[in-house]
Amino acid sequence: NPETGNYTVPFIEGDGVGPEISKSVRTIFKAAKVPIDWVNCDIGPLLINGETTIPQTAVDQINNSLIALKGPLATPVGQGHRSINLTLRKTFGLFANVRPAKSIPNLASTYENVDLIVIRENTEGEYSGIEHEIVPGVVQSIKLITRKASEKVIKYAFEYTRSIGRSNLIVVHKATIQRRGDGLFVQTAQEMADKYPDVNLKLELIDNTVLNCIMNPEKYADSVSVCPNLYGDILSDLNSGLSTGSLGLTPSANIGETVLYEAVHGSAPDIAGQDKANPTALLLSSVMMLNHMGLQKYADMIETAVLTTITSGKEFRTADLGGSATTTSFTKAVIENLN
Ligand code: NAD
């Protein structure tokens, strides 16, 4: 922003608890004096010729900034038009979703020292939105896998694994059954492996991965997993449960022509408007964003304040973590812990 000298970042607040957790992020960023001017980004949606579409103003805002922060968007079940989340992925070519799930030191959870990273293919697979009713009572739902999309996400996964210094890239699949679809995904990874001699490529069946994650999650601390869309969706929620026991803590980044940072959780309609939501997942997503922008000083300050608050005692935690704090009181405590 030439007037303030700050970065301009579009903010999609989202539905349900979205406005409450977004307010928390704005308040904490202001207190931490982060050099960002938020731009309210209204993504509609519009229904044009039966297609879910995002207003052009929002598309321009996000394309100009090459970055955005997003709250959860509710998807009506079984209605005629495509989910707005899917529309966002298509519009901005968001081909990979990076989902880290890490234990919080000193926060009691079923497991300790969990540090799992899943990269989910974000544009196709079971989420292609191609479904037909062939005859009444018979529906065909297509899982689309292309070499092009597989190459994009697997290349990113190899490079990401290398950039964070982990040794293994695990392709999670079910090519024993989905021989051609998952088979193409696996084959693409095998063909690319030569270019990354410093990363060990491993293959694992999704059912084994689920069992191994539950029995021995620390086994994955030196690995990154990459998988087709639906497996990634399910696996990353499992990882959130294993690492912290709450969806309210897991951040993510959608990588594409632009980078869209968002909490993994949904709009939590059961607690919306009650000042109960945990804003941590959106805050940690904003921390990933600050790191990406080279604003590490602010990222570290906010991350430390959030983690300190969560481990300061029950009265500072929100109800999803068994505490008694409200979104507002949690936000206030984080601000007090900023240094
Ligand atoms: P959800 O993640 O909204 O809620 C699941 C459970 O987790 C609920 O009990 C909820 O109260 C709790 N929870 C979620 N976020 C929380 C937070 N920040 N603090 C405390 N508790 C939290 O999943 P759902 O109920 O299956 O989905 C609700 C809506 O959200 C649906 O319309 C769905 O399509 C949408 N959704 C959107 C996204 C997204 O925008 N990325 C992701 C998942 C679901």
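The values are calculated or read from the model by the stated rules, or taken from the named source; none is laboratory data. Just so it is clear, the model here is predicted, and its values are computed rather than measured. We place every Cβ from the backbone using ideal geometry, glycine too, and count neighbours over all the protein chains shown. Side chains included, ligands, DNA and RNA excluded: accessible areas come from the protein's heavy atoms. Shrake-Rupley method; radii C 1.70, N 1.55, O 1.52, S 1.80 Å.
Okay, here's what the table says:
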{"item": "Pairs where the first residue, in the stretch 201-213, is closer than 21 Å to K102 by Cα and touching a residue at least 60 places away in the same chain (Cβ under 8 Å) and the second is open to solvent by less than 50 Å² (accessible area, probe 1.4 Å) and among the polar types (S, T, N, Q), C-beta under 8 Å, 6+ apart", "result": "C213/N239"}
{"item": "Scan of the stretch 93-104 for residues that are closer than 19 Å to R162 by Cβ and part of a loop (DSSP other than H, G, I, E, B), ordered by number", "result": "F95"}
{"item": "Test: residue in the stretch 43-63 that is in contact with a Cys (Cβ under 6 Å, 6 or more places away or on another chain) and closer than 20 Å to T258 by Cβ", "result": "yes"}
{"item": "Flag for T87 being within 14 Å of the ligand (Cβ to nearest atom), open to solvent by less than 40 Å² (accessible area, probe 1.4 Å), out of contact with any strand residue (DSSP E or B) (no Cβ under 7 Å at 6 or more places or on another chain) and of a type in the set (S, T, Y)", "result": "no"}
{"item": "Strands (runs of 3 or more DSSP E) completely within the stretch 105-177 that count 2 or more residues being open to solvent by 70 Å² or more (accessible area, probe 1.4 Å)", "result": "131-135, 138-141"}
{"item": "Condition met for Y156 (among the aromatic types (F, W, Y), under 21 Å from the mean Cα position of the chain (by Cα) and modelled with pLDDT of 95 or more)", "result": "yes"}
{"item": "Subset of the stretch 220-245 (residues that are open to solvent by 10 Å² or more (accessible area, probe 1.4 Å) and in contact with an Asp or Glu (Cβ under 6 Å, 6 or more places away or on another chain))", "result": "A221, L230"}
{"item": "Residue in the stretch 4-26 that is modelled with the highest pLDDT, counting only those that are open to solvent by 10 Å² or more (accessible area, probe 1.4 Å) and closer than 19 Å to M293 by Cα", "result": "R26"}
{"item": "Candidate set: the stretch 56-76, residues that are within 16 Å of the ligand (Cβ to nearest atom) and out of contact with any strand residue (DSSP E or B) (no Cβ under 9 Å at 6 or more places or on another chain); chosen: the one farthest from L247 (Cα to Cα)", "result": "P76"}
{"item": "Residue in the stretch 271-278 that is near the ligand (Cβ under 10 Å from one of its atoms), at pLDDT 95 or above and small (G, A, S) present", "result": "yes"}
{"item": "Qualifying positions in the stretch 261-270 - near the ligand (Cβ under 10 Å from one of its atoms) and touching a residue at least 12 places away in the same chain (Cβ under 8 Å)", "result": "E262, A263, V264, H265, G266, S267, A268, P269"}
{"item": "Residues of the stretch 38-62 classified as touching a helix residue (DSSP H, G or I) at 6+ places or on another chain (Cβ under 7 Å), open to solvent by 70 Å² or more (accessible area, probe 1.4 Å) and among the hydroxyl-bearing types (S, T, Y), total", "result": "0"}
{"item": "Candidate set from the stretch 279-303 (those that are within 16 Å of the ligand (Cβ to nearest atom) and of a type in the set (S, T, N, Q)); member that is nearest to the chain's Cα centre (by Cα)", "result": "S285"}
{"item": "Residue, farthest from S128 (Cα to Cα), within the stretch 34-85, restricted to residues that are among the hydroxyl-bearing types (S, T, Y) and assigned to a loop (DSSP other than H, G, I, E, B)", "result": "T75"}
{"item": "Residue that is farthest from L69 (Cα to Cα), among those in the stretch 263-288 that are surrounded by fewer than 22 Cβ atoms within 10 Å (Cβ to Cβ) and either of a type in the set (D, E) or touching a Phe, Trp or Tyr at 6+ places or on another chain (Cβ under 8 Å) (or both)", "result": "D270"}
{"item": "Of residues in the stretch 309-329 being part of a loop (DSSP other than H, G, I, E, B) and away from the ligand (no atom under 12 Å from the Cβ), the one most open to solvent (accessible area, probe 1.4 Å)", "result": "S324"}
{"item": "Given (1) within 15 Å of the ligand (Cβ to nearest atom); (2) farther than 15 Å from K102 by Cα; (3) of a type in the set (V, I, T); (4) part of a helix (DSSP H, G or I), number of the condition V306 does not satisfy", "result": "(2)"}
